[in-house]
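Remarks on the structure that follows.
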Amino acid sequence: MPARGDFKVKRSSSSPVDVAVIGAGAIGLSIAWRAASRGLRVLVLERDHPGAGTSYHAAGMLAPVAEVTPGEDALLSLGLRSAELFAPFVSELQRASEMRVGYTRCGTLLVARDTDEASALERELALRQRLGLEVQRLRASAARRLEPGLAPSLRLALDVPGDHAVDPRTLVAALAAATLRGGGELRTGTAVASLDVAGDSVRGVVLGDGSHVAARQVVVAAGVWSGSLGGLPAERLVPLRPVKGQILRLHDPAGPGLLTRVIRMGPGGSSYITPRGDGRYVIGATSEERGFDTSVTAGAAFELLREASELVPGVSELVLDELTAGLRPATPDNLPVIGRAPRVDGLWWAVGHRRGGILLSPVTAELIVAGLVAADAGDGRHHDDAAGLDGDLARAFDPARFAGRVTIGTAA
């Protein structure tokens with residue numbers, strides 16, 4: 001975890017900033033970096049330190065094809081677009097930050113252990129073929145040639161070469177550095193208590209100590225904690241709920257070699273082993289509706305290790321480094337909320353990305369920053385195609401779809 005002292009924080013003056021971003025996770029910092037690079041004066045407000053929330057616990061799989069779900073066509077399209085953006089996004093970020101990001105073009109294998117799982121995997125193959133996605137069916141022997149660490153009991157596999165991975169912790173550190181180097185400001189240990197809204201316009205934010213930050217535009221990117229912001233009636237907040245995910249981090253003292261690809265197993269590929277390429281591995285993740293509980297449990301650790309070691313026996317020889325629990329921000333329809341707040345000029349939402357926040361960071365930043373720049377220039381038009389999205393697709397993530405709903409949960 002990056003220490004708070006790793007970042008040189010600039011203090012803003014009393015004059016309004018162009019954009020205040022609430023939240024310094026992958027989403028918030030991607031928006032801040034891109035906005036600063038477009039010439040806007042940006043201030044990021046983070047209650048802890050960069051990446052201390054959901055981003056800290058994320059595995060960092062960039063897997064729109066492996067994670068495709070029937071009925072979520074809009075999310076698939078958004079994920080594929082963001083996956084296309086990721087390599088150039090990383091290249092530019094590494095130049096801007098002068099840091100390595102930990103991006104690997106590893107690919108994914110979806111695997112089956114028995115007849116029932118093999119039948120389910122055939123259905124997964126048919127779904128992806130019907131959608132025109134790149135995927136290849138592999139016999140067990142062919143899969144084991146690609147990944148010798150797989151168990152002999154393997155029955156079937158699907159190869160998804162276009163799915164990649166990134167280390168979210170190094171990604172966030174690079175985004176913070178690039179934001180600062182680009183002229184942005186970052187205040188850590190600074191909780192935002194409420195939005196400052198007058199009439200139909202946002203004027204800035206009120207901090208936890210009662211002080212005020214003036215801003216012409218405000219972007220809410222505080223993940224599951226966004227629902228606890230004051231300043232708006234409950235029915236005008238985005239309805240969010242936390243989904244708990246427990247995740248393991250391990251390393252191989254012998255270095256890399258156990259796996260080169262992400263291995264996904266279980267129903268819908270819900271369990272996974274993600275190699276970092278340097279002998280470190282991430283195994284996850286549970287999905288639990290337990291509110292804001294972030295305790296870690298022996299049962300979760302047991303289940304994660306059992307699932308992983310059945311398919312990759314060498315996992316049992318790895319050294320356990322961490323078991324942590326994060327909170328994914330989810331909306332009622334499980335789609336992110338990206339865009340201008342209804343009936344509040346200058347307010348933008350970038351929340352509800354569930355388990356896709358790392359993957360969707362580049363496209364979310366492009367969509368939000370296009371709107372920020374247009375508004376700053378006095379152009380009131382919506383720029384729905386800013387990231388190569390048509391209007392219907394962009395509207396699938398519009399905050400207006402939740403107008404009138406009461407937010408589901410707030411932090412204790």
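Since every read-out is calculated from the coordinates, none of them should be taken as a lab result. The structure presented is a predicted model; accordingly, all values stated were derived computationally and were not measured. All Cβ positions, even for glycine, are placed from backbone atoms using ideal geometry, and neighbour counts span all protein chains on display.
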(message) Bins of 5 Å, beginning at zero and ending with the bin holding the largest distance: percent of Cα pairs per bin for the range 1-141, please.
(response) 2, 7, 13, 16, 16, 13, 10, 8, 6, 4, 2, 1, 0, 0
(message) Springs between alpha-carbon pairs under 10 angstrom, Gaussian network model over the chain: which of L372, L156, L131 fluctuates most?
(response) L131
(request) Return the calculated 222 nm mean residue ellipticity for the chain, to the nearest 500 deg cm²/dmol, obtained by summing -39500 (n - 2.57) across DSSP H runs with n ≥ 4 and dividing by the residue count. (result) -8500 deg cm²/dmol
(message) Just checking my list [x] 60, 52, 44; [y] 98, 44, 36; [z] 65, 44, 39 against Cα extents along the principal axes in Å computed from this structure; which label fits?
(response) [z]
(message) With θ taken as phi - 60° and the coefficients 6.51, -1.76 and 1.60, list the Karplus ³J(HN,Hα) couplings across the range 318-326 in order, rounded to whole Hz; mark glycine and proline as x.
(response) 6, 8, 7, 9, 8, 10, 10, 9, x
(request) Could you line up T260, T104 from fewest to most neighbouring Cβ atoms inside 10 Å? (result) T260, T104
(message) Compute the distance from the alpha-carbon center of the range 154-171 to that of the range 270-306, in whole Å.
(response) 16
(message) Could you tell me how far the Cα centroid of the range 22-78 sits from the Cα centroid of the range 243-269, in Å?
(response) 22
(request) For an R0 of 41 angstrom, estimate the FRET efficiency from the Cβ-Cβ distance between F302 and A193 and round to the nearest 0.05. (result) 0.50
